[in-house]
1. Using +1 at the Cβ of each Lys and Arg and -1 at the Cβ of each Asp and Glu in segment 14-127, identify which of GLN45, ALA67, GLY27 lies farthest towards the dipole's positive end.
2. Restricted to Cα positions, what overall size does the chain have along the principal axes? Three whole-Å values, descending.
3. Whose amide H sits under 5 Å from the amide H of VAL15, counting only residues 5 or more places off or on another chain, with H placed in the peptide plane?
4. Which whole-Hz ³J(HN,Hα) couplings does segment 91-103 yield from phi under the Karplus relation 6.51 cos²θ - 1.76 cosθ + 1.60, θ = phi - 60°, glycine and proline marked x?
5. Only Lys, Arg, Asp and Glu count, each charged at its Cβ (+1, +1, -1, -1), so figure out the dipole size of the chain about its Cα centre, rounded to 20 debye.
6. If contacts are Cα pairs under 8 angstrom and at least 6 residues apart, what is the relative contact order of the chain in percent?
7. Picking from PRO18, PRO42, PRO55, which is most flexible by a Gaussian network model of the chain using Cα springs under 10 Å?
8. About the Cα centre of segment 86-130, what is the dipole size in debye to 20, counting +1 per Lys and Arg Cβ and -1 per Asp and Glu Cβ, all else neutral?
Amino acid sequence: MSERDQAYVTGIRTVGVPVTDQDRAVGFYVGVLGLEKRLDMPVEQLGGRWIEVAPPGAAVSIALVPAREGVPAGVETGIRLTTGDADAFHAALRARGADADDVLRWDGVPAMFALRDPDGNGLEVVEAGSAGD
């Protein structure tokens, strides 16, 4: 097997999201979104903690890392979360005070909506298994 044929990257484990207040972020990602906290350890080099949250059973987690110079909070993360019912989840998030845009519906595309965490980091929620109306 040549070096070119060898797979060096074998998966994606964690996506980092910069936050200004890690406790407030945990409150949102766990208390509002319903993710589970998997890891919470102090890391001196970060000036805070290494915190990972994820949907129950998910292979990929979100690390809530301290924002700092060059890694600001309030960014579009590119993270797409999935749900079985976009309308119900959207209503629940709004009832919990989340900053969520209206549900979008385009022909042939799953229902989806954008939301922001308390730092303004952008996330998308996409309905799994739907193909639009």
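Readers should treat all values here as calculations from the given coordinates under stated rules, not as data from a laboratory. Every value quoted in this text rests on a predicted model; they were computed, and no experiment measured them. All Cβ positions, even for glycine, are placed from backbone atoms using ideal geometry, and neighbour counts span all protein chains on display.
1. GLN45
2. So the three principal-axis extents are 46, 45, 28 Å.
3. Placed amide hydrogens put SER61, ILE62, ALA63 under 5 Å from VAL15.
4. Result, ordered by residue: 4, 5, 5, 4, 5, 8, x, 6, 8, 10, 6, 5, 6 Hz.
5. 300 debye
6. Value for the chain: 22 percent.
7. Looking only at PRO18, PRO42, PRO55, the biggest GNM fluctuation is shown by PRO42.
8. 140 debye
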